[in-house]
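K.L.:
Just passing along the structure, written as structure tokens.
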Amino acid sequence: PVETMAGTVVATRIHDISERKAIQSIVESSERRLRAVTNSLPGAVYQFKRTNDGENHFVFMSVGIKDLLEIEQPDMDDMFRQIFQSIVPEDQAAVLASITKATNQGIKWIHDFRVRTRSGDVKWVSGSAVPEPRDADGSVLFNGLLQDITASRQLADELSHQAEHDALTGLVNRRLFEKRVDAILRA
């Protein structure tokens, strides 16, 4: 309100925000569809950031991480620590080295590793991620997927065992025997 000699005058400004609301509705609808897609994929879709000083953190993680690692309520601020601690200790150094290599070279990250779930089961996980161009501050954002490959690893191990052992006796077959003798003779 503005007081004038003629009395109190109220000035208003009216804006048509229908275009802004329409755009907002489109963005919200697009976000819902994107979440529906990421949450329906097997495994966990994520965005991971590696800063220039070597800090690691997840920017986004789909709900698939709950099934993969049996994490009830993922805490985004603590997600890297939660996931890293679930990696079998013998695999941790190799996972970090592969992340560092992908970050430094700006290449796709691909690494298979084992995790121990909250219930104590060990699962094989295949991780892959594509880097975006390096940010001005030197950090790199990766868009990726973590998938449970336990069944395929077990099948591959079983097929390998069957290919190298006699089905009746369980002893190594001639092919594996010759391979081992050759390795010993070369050493």
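The values are calculated or read from the model by the stated rules, or taken from the named source; none is laboratory data. Computed from a predicted model, the values in this text were never measured in an experiment. All Cβ positions, even for glycine, are placed from backbone atoms using ideal geometry, and neighbour counts span all protein chains on display. The accessibility values were calculated without ligands, DNA or RNA, using every heavy atom of the protein model including side chains. Shrake-Rupley method; radii C 1.70, N 1.55, O 1.52, S 1.80 Å.
K.L.:
If residue 89 passes every condition in (1) over 21 Å from residue 140 (Cβ atoms); (2) open to solvent by less than 90 Å² (accessible area, probe 1.4 Å) but one, which one does it miss?
P.N.:
(2)
K.L.:
What pairs come out if I take residues in region 145-167 that are within 30 Å of residue 63 (Cβ to Cβ) and pair them with residues that are open to solvent by less than 70 Å² (accessible area, probe 1.4 Å) and of a type in the set (Lys, Arg) whose C-beta lies under 7 Å away, six or more apart or interchain?
P.N.:
Final answer for the pair search is 148/123; 150/123.
K.L.:
Any residue at all in region 95-116 that is open to solvent by 30 Å² or more (accessible area, probe 1.4 Å), outside any loop (DSSP other than H, G, I, E, B), out of contact with any Lys or Arg (no Cβ under 7 Å at 6 or more places or on another chain) and of a type in the set (Gly, Ala, Ser)?
P.N.:
Yes, there is a match, as at least one residue in region 95-116 is open to solvent by 30 Å² or more (accessible area, probe 1.4 Å), outside any loop (DSSP other than H, G, I, E, B), out of contact with any Lys or Arg (no Cβ under 7 Å at 6 or more places or on another chain) and of a type in the set (Gly, Ala, Ser).
K.L.:
Identify all residues within region 87-129 that are over 13 Å from the mean Cα position of the chain (by Cα) and of a type in the set (Gly, Ala, Ser); write none if there are none.
P.N.:
Result: 93, 94, 97, 98, 102, 106, 119, 120.
K.L.:
Keeping to region 69-81, report how many residues are part of a loop (DSSP other than H, G, I, E, B) and open to solvent by 60 Å² or more (accessible area, probe 1.4 Å).
P.N.:
Of region 69-81, the ones part of a loop (DSSP other than H, G, I, E, B) are 70-75.
Filter once more, so that each one left must be open to solvent by 60 Å² or more (accessible area, probe 1.4 Å): 72-73, 75.
Looking only at that region, the number is 3.
K.L.:
Let me ask you something else. What pairs come out if I take residues in region 168-187 that are without any contact (Cβ under 8 Å) to a residue 24 or more places away in the chain and pair them with residues that are open to solvent by less than 70 Å² (accessible area, probe 1.4 Å) and not in a helix (DSSP H, G or I) whose C-beta lies under 7 Å away, six or more apart or interchain?
P.N.:
Within 7 Å, the pairs are 171/165; 172/165; 173/165; 173/166.
K.L.:
Among (1) in contact (Cβ under 8 Å) with a residue 12 or more places away in the chain; (2) within 22 Å of residue 78 (Cβ to Cβ), there is one condition residue 55 misses while meeting the rest; what is its number?
P.N.:
It is condition (1) that residue 55 fails.
K.L.:
Quick check, is residue 152 in a helix (DSSP H, G or I), at pLDDT below 95, under 30 Å from residue 72 (Cα atoms) and open to solvent by 60 Å² or more (accessible area, probe 1.4 Å)? Reasoning before the result, please.
P.N.:
Values: in a helix (DSSP H, G or I): yes; at pLDDT below 95: yes; under 30 Å from residue 72 (Cα atoms): yes; open to solvent by 60 Å² or more (accessible area, probe 1.4 Å): yes.
So residue 152 fits the description; yes.
K.L.:
I've got another one for you. Mind listing whichever residues of region 135-146 are more than 14 Å from residue 83 (Cβ to Cβ) and surrounded by 14 or more Cβ atoms within 10 Å (Cβ to Cβ)?
P.N.:
Of all residues in region 135-146, those more than 14 Å from residue 83 (Cβ to Cβ) come to 135-141, 143.
Once the filter is applied, which keeps residues that are more than 14 Å from residue 83 (Cβ to Cβ) and surrounded by 14 or more Cβ atoms within 10 Å (Cβ to Cβ), region 135-146 yields 139, 140, 141, 143.
K.L.:
Looking at region 83-94, which of its residues are assigned to a helix (DSSP H, G or I) and over 20 Å from residue 60 (Cα atoms)? Don't jump to the end; show me each part of the working.
P.N.:
Applying the first criterion (assigned to a helix (DSSP H, G or I)) to region 83-94 yields 83-86, 89-94.
Within region 83-94, 89, 90, 91, 92, 93, 94 qualify.
K.L.:
Please find, within region 1-23, the residue that is farthest from residue 60 (Cα to Cα) out of those that are in a helix (DSSP H, G or I) and open to solvent by 80 Å² or more (accessible area, probe 1.4 Å).
P.N.:
Just the residues of region 1-23 that are in a helix (DSSP H, G or I), to begin with: 18-23.
From what is left, the residues that are open to solvent by 80 Å² or more (accessible area, probe 1.4 Å) are 19-21, 23.
Working: 19: 29, 20: 26, 21: 26, 23: 23 Å.
Selected residue: 19.
K.L.:
Could you please find all residues in region 44-68 being acidic (Asp, Glu) and either in a loop (DSSP other than H, G, I, E, B) or surrounded by 14 or more Cβ atoms within 10 Å (Cβ to Cβ) (or both)? Spell out the reasoning first.
P.N.:
As a first pass, look at region 44-68 and keep what is acidic (Asp, Glu): 53, 55, 67.
Within region 44-68, 53, 55 meet the criteria.
K.L.:
Check region 110-131 and report whether any residue there is touching an Asp or Glu at 6+ places or on another chain (Cβ under 7 Å), without any contact (Cβ under 8 Å) to a residue 24 or more places away in the chain and either under 20 Å from residue 40 (Cα atoms) or acidic (Asp, Glu) (or both). Let's see the steps before the verdict.
P.N.:
Within region 110-131, the first condition is being touching an Asp or Glu at 6+ places or on another chain (Cβ under 7 Å), and the residues that meet it are 113-114, 117-119, 123-126.
Those still in the list that are without any contact (Cβ under 8 Å) to a residue 24 or more places away in the chain too: 126.
Add one more test, that the residue is either under 20 Å from residue 40 (Cα atoms) or acidic (Asp, Glu) (or both), and what stays is 126.
For region 110-131, residues touching an Asp or Glu at 6+ places or on another chain (Cβ under 7 Å), without any contact (Cβ under 8 Å) to a residue 24 or more places away in the chain and either under 20 Å from residue 40 (Cα atoms) or acidic (Asp, Glu) (or both): present.
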